[in-house]
Amino acid sequence: MGYKKKLNRQKTGEKIYRAIEKSGLTYDEVAEELGLSSPRVIYEWTNGNKLPSLVRLVNLAYLLGVHLEDLLETE
């Protein structure tokens, strides 16, 4: 049926990176707005090592002024 999609961590991380860069916010500012104790996790997202939780992803999209789908890349 083709309904099973897998998120591409690397490309999703690149999209998150570009969206943050375009917003003009720093990783520290993004971390603070998302209630993270450190921006380190954002580096892990942008490097493709981890993916944000769904709630964090929704809040990140809202913060950056983009659609949720704009931050995701599937394989």
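The values are calculated or read from the model by the stated rules, or taken from the named source; none is laboratory data. Just so we're clear, the structure is a prediction, and the values are computed from it rather than from any experiment. Don't worry about glycine lacking a Cβ; one is built from the backbone with ideal geometry, like all the others, and counts go over all protein chains shown. With ligands, DNA and RNA removed, areas are computed over all heavy atoms of the protein, side chains included. Shrake-Rupley method; radii C 1.70, N 1.55, O 1.52, S 1.80 Å.
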Sparse-neighbourhood loop hits (trypsin sites (Lys or Arg not before Pro), the chain; DSSP loop; Cβ within 10 Å at most 10 others) -> K4, K5, K6
So the carbon and sulfur contribution to the accessible area of the chain, 1.4 Å probe, in percent, is 49
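Report relative contact order for the range 1-51 in percent, whole number only (criteria: Cα-Cα under 8 Å, sequence separation at least 6). Intermediate values should be presented prior to the final figure.
Working: 39 pairs, mean separation 24.9, N = 51.
Across the range 1-51, relative contact order equals 49 percent.
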Most fluctuating of S23, S53, S38 in the GNM of the chain (C-alpha, under 10 Å) is S53
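Would you work out the charge dipole size for the chain about its Cα centre, treating the Cβ of every Lys and Arg as +1 and the Cβ of every Asp and Glu as -1, and quote it to the nearest 20 debye? Don't skip to the end; give the middle numbers.
Values: 11 positive and 11 negative charges, 88 e Å.
Roughly 420 debye, rounded to the nearest 20.
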Computed, not fitted: 222 nm per-residue ellipticity of the chain from DSSP H runs ≥ 4 (each -39500 (n - 2.57)), nearest 500, equal to -16000 deg cm²/dmol
Normalised per residue, the volume inside the convex hull of the alpha-carbon atoms of the chain in Å³ amounts to 80
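Skip the ligands, DNA and RNA, and give the accessible area per residue of the chain with a 1.4 Å probe, whole Å². Walk me through the numbers on the way to the answer.
On the way: 5380 Å² over 75 residues.
Using a 1.4 Å probe on heavy atoms only, each residue of the chain averages 72 Å².
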Rounded to one decimal in nm, the spacing of the 7 Å Cα→Cβ label points at L7 and T26 is 2.7
